Amino acid sequence: MPYDNQPAYDRLVFELSSPGRMAFSLPESDVPVEPALAAVPEKYRRRQPAALPEVSELDVVRHYSRLSQMNYGIDTHFYPLGSCTMKYNPRINEDAARLAGFARLHPLAAEALSQGALQLMHELAGMLAEIAGMDAVSLQPAAGAQGELAGVLMIRAYHEARGEKRTKVLIPDSAHGTNPASTALAGYEVIEVKSDAEGQVDLGDLERHLAADVAAFMITVPNTLGNFEPRVTEIAELCHARGAQVYMDGANLNAILGLTRPGDLGFDVCHFNLHKTFTTPHGGGGPGAGPVGVKAHLEPFLPVPVVARREQTYVLDWKRPQSIGKLQAFWGNFGMHVRAYTYIRTMGADGLRAVSENAVLNANYVMKRLEQHYDVAAPGPCMHECVLSARKQKKLGVTAMDIAKRLLDLGFYAPSTYFPLIVEEALMIEPTETESKETLDAFCEAMIRIAREAETAPEAIHQAPVTTPVRRLDQTRAAREPNLRWRGQR
Amino acid sequence: MSNVPGDLKYTRDHEWARQEGGRMRVGITAYAQEQLGDVVFVELPKVGARVTAKQAFGVVESVKAVSDLFAPVTGEVVEANADLAHKPEIVNQDPYGKGWMIVVTPADAKQWEQLLSAAQYEEFLAQGGH
Ligand SMILES: Cc1ncc(COP(=O)(O)O)c(C=O)c1O
């Protein structure tokens, strides 16, 4: 049981506060304090002290240690959250990221003093470009969504530079929500393209929408149903013939490393989620990183600065008049670049290919074991993840959400639920390559047990979870009446 | 099977329309609100805005998903349901009544004929509703 031996703990650090308690004692100041305050104009001064928690060092240590014990993460549990690639993050990444030359380097240190870091960024961009079959990569974006924004802005700049006015971007109805969001943010109108019964792009619908005002088509490969789009090269050719660019959402790259490359399939742009495929921490342990790769015709538009090599030295190249500009503080989340670089160098080309082969094998193993118990959203074999539908269970009164909650009691993080939207009662399972057969079996057995409970004791599932620090949360009320901050008792 | 009132017309995007004099009242169907689950937020156009048939006129957000609302007809918005701003749950409770969304003056009254009848919409649902 996941939370056995965990005393319930639900305090906020503010609730531990006791007036006057503190975690430090500084020597008496030997310089006057008043003049500093006097430098702040009256209207900007606080009338009351800030409501910060007043706690001892031990209070702080205990509070955060207990919270960390309640954490549910890849280091403690199997985490088959589809589309998120929650794989093991090798500890050697952390060793490299903590090297003082990287960890203590100020981002504004002179180029001459930052050569190692710049070299690492230059080489990482080169390795990612090779993996994806792209000509150039920017490491700046801080997440997949920002990579998408950068990619779509480059596409816009490209069309504008050619004097073409295109106002729409086509996106399949199976897409992740960030695709339409980043596209709209880049100033485009989003047009939804239908999927066929198998969850693949409906070529007829795509062709109908591919008018002269379409700037790009954005698609996830493998798609969000975990299947490779068999007509992907045809799709790319169709788009190019109408002057539209093709963008590959690279969130599912873990399925194709060393097997195929977006660039070879005909894509003009693709992003990478380093926190998925390349083992940098995902979720609370972030921050993320979402480098974006482009073909040569889009290279002039890359965000500035670009890390460039000039003979034996590495420089930050700001003189790029067609650039879409700077997107992110400093040069992106550099600590993540160190981790991803370490991962790629320790795995090597053969290792990365084995990653995808095993990720695909594991997902198919799970799908095969569960297909008699749950409906499968699209016929297999699948790639790195499989999407089940709990529509059978729903008829018995047990929804995908109920199944997800029950899994928590049985010691597993839940799969993604209700995504992709085109699948009724979706349960999207991505086991990743770093799980053993024993873990996969234990998970499958828990899923099979829940399918049986749905038939024999659905009420018990409605009660779940019962072993977690908090029981089922009222999602609806939380969304209708959000209560986002502690209001205090003073 | 979901409730599909016989006197309304429907779209393949699961909106309904009701004729009221020269105007049309518009909302989402019982099937749509069941699929969405608990509605937590509805964004509607302002009175006076123009809407275009088959194009988005607003957004409905539930605990599961955010979806566009598609206009059944082209025309001008003459009323929008202000109650939905603080009581989005009425979309779930009464989708064909208090949970209505907008009232439109259609640019062309003939558009009504192009919408699905209750029988056609029921058949569309029976085939899976996509
Ligand atoms: C298919 C897909 N696209 C895009 C994204 C966005 O990536 P990020 O969360 O890094 O912004 C995700 C993230 O979960 C995803 O699953």
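The values are calculated or read from the model by the stated rules, or taken from the named source; none is laboratory data. A quick note: this is a predicted structure, and the numbers were derived from the prediction, not measured. Positions of Cβ are backbone-derived with ideal geometry, glycine not excepted, and every protein chain shown enters the neighbour counts. For the accessible areas, the whole protein counts, side chains as well, though only heavy atoms, and no ligand, DNA or RNA atoms are used. Shrake-Rupley method; radii C 1.70, N 1.55, O 1.52, S 1.80 Å.
You will find that of A:353, A:369, the residue that is open to solvent by 70 Å² or more (accessible area, probe 1.4 Å) and not in a loop (DSSP other than H, G, I, E, B) is A:353 and no other. Being hydrophobic (A, V, I, L, M, F, W, C), over 23 Å from the mean Cα position of the chain (by Cα), closer than 29 Å to residue A:178 by Cβ and surrounded by 21 or more Cβ atoms within 10 Å (Cβ to Cβ): is that true of residue A:447 here? For residue A:447, the condition - hydrophobic (A, V, I, L, M, F, W, C), over 23 Å from the mean Cα position of the chain (by Cα), closer than 29 Å to residue A:178 by Cβ and surrounded by 21 or more Cβ atoms within 10 Å (Cβ to Cβ) - is met. Looking across region A:377-405, just one residue is closer than 30 Å to residue A:259 by Cβ, within 22 Å of the chain's Cα centre (by Cα) and away from the ligand (no atom under 16 Å from the Cβ), and that is A:388. Buried (at least 24 other Cβ atoms within 10 Å of the Cβ), of a type in the set (A, V, I, L, M), in a helix (DSSP H, G or I) and at pLDDT 95 or above: does that describe residue A:359? When the stated conditions are applied, residue A:359 passes them. Can you find a residue in region A:235-255 that is of a type in the set (Ser, Thr, Tyr) and open to solvent by 10 Å² or more (accessible area, probe 1.4 Å)? No, that holds for no residue. For region B:84-102, a tally of residues being within 13 Å of chain A (Cβ to nearest Cβ) and aromatic (Phe, Trp, Tyr) returns 0.
Could you tell me whether region A:384-392 includes any residue that is away from chain B (no Cβ under 14 Å), surrounded by 20 or more Cβ atoms within 10 Å (Cβ to Cβ) and assigned to a loop (DSSP other than H, G, I, E, B)? Within region A:384-392 (the criterion being away from chain B (no Cβ under 14 Å), surrounded by 20 or more Cβ atoms within 10 Å (Cβ to Cβ) and assigned to a loop (DSSP other than H, G, I, E, B)), the answer is yes, since at least one residue qualifies.
Candidates in region A:406-439 are the residues that are in a helix (DSSP H, G or I) and more than 23 Å from the chain's Cα centre (by Cα); of these, the one that is nearest to residue A:381 (Cα to Cα) is A:437. Inside region A:154-189, residues that are in contact with a strand residue (DSSP E or B) (Cβ under 6 Å, 6 or more places away or on another chain), within 16 Å of the ligand (Cβ to nearest atom) and among the β-branched types (Val, Ile, Thr) make up a count of 3. Kindly establish whether residue B:123 is in a helix (DSSP H, G or I), open to solvent by 30 Å² or more (accessible area, probe 1.4 Å), closer than 19 Å to residue B:23 by Cα and away from chain A (no Cβ under 14 Å). No, not satisfied.
Pairing residues of region A:432-458 that are within 25 Å of residue A:278 (Cα to Cα) with residues that are outside any loop (DSSP other than H, G, I, E, B) and hydroxyl-bearing (Ser, Thr, Tyr), at Cβ distances under 9 Å and at least 6 apart in sequence or on separate chains, gives A:433/A:356; A:437/A:365; A:440/A:365. Taking residues in region A:136-160 that are in the same structural domain as residue A:124 (by TED's automatic domain parsing), and partners anywhere that are within 11 Å of the ligand (Cβ to nearest atom) and among the aliphatic types (A, V, I, L, M), the pairs with Cβ atoms closer than 6 Å and at least 6 places apart or on different chains are A:144/A:251. Residues that are over 28 Å from residue A:395 (Cβ atoms), of a type in the set (Ser, Thr, Tyr) and within 14 Å of chain A (Cβ to nearest Cβ) are absent from region B:103-111.
Per-residue answers, yes or no, for (1) within 12 Å of another protein chain (Cβ to nearest Cβ); (2) touching a residue at least 12 places away in the same chain (Cβ under 8 Å); (3) within 26 Å of residue A:428 (Cα to Cα); (4) in contact with a His (Cβ under 9 Å, 6 or more places away or on another chain):
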position	(1), (2), (3), (4)
A:170	no, yes, yes, yes
A:174	yes, yes, yes, no
A:179	no, yes, yes, no
A:183	no, yes, yes, no
A:195	yes, yes, yes, yes
A:203	no, yes, yes, no
A:220	no, yes, yes, yes
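The requirement of being touching a strand residue (DSSP E or B) at 6+ places or on another chain (Cβ under 7 Å) and within 30 Å of residue A:394 (Cβ to Cβ) is fulfilled somewhere in region B:43-52, by at least one residue. The number of residues in region A:52-72 being in a loop (DSSP other than H, G, I, E, B), surrounded by 10 or more Cβ atoms within 10 Å (Cβ to Cβ) and under 34 Å from the mean Cα position of the chain (by Cα) comes to 4. Restricted to region B:15-41, and to residues there that are away from chain A (no Cβ under 11 Å), open to solvent by 10 Å² or more (accessible area, probe 1.4 Å) and touching a strand residue (DSSP E or B) at 6+ places or on another chain (Cβ under 6 Å), the residue that is farthest from residue B:80 (Cα to Cα) is B:18. Just one of the listed residues (A:215, A:117, A:150, A:129) is more than 16 Å from the ligand (Cβ to nearest atom), touching a strand residue (DSSP E or B) at 6+ places or on another chain (Cβ under 6 Å), farther than 25 Å from residue B:59 by Cβ and open to solvent by less than 30 Å² (accessible area, probe 1.4 Å), namely A:129. Of the residues A:75, A:95, the single one that is of a type in the set (D, E, K, R) and in a loop (DSSP other than H, G, I, E, B) is A:75. No other residue among A:416, A:436 is within 30 Å of residue A:351 (Cβ to Cβ) and within 14 Å of chain B (Cβ to nearest Cβ) apart from A:416.
Total residues in region A:260-284 satisfying the condition of being within 13 Å of the ligand (Cβ to nearest atom) and either within 14 Å of another protein chain (Cβ to nearest Cβ) or among the hydrophobic types (A, V, I, L, M, F, W, C) (or both): the figure is 4.
Only one of the numbered conditions (1) within 14 Å of chain B (Cβ to nearest Cβ); (2) surrounded by fewer than 11 Cβ atoms within 10 Å (Cβ to Cβ); (3) not aromatic (Phe, Trp, Tyr) is not met by residue A:470, and that is (1).
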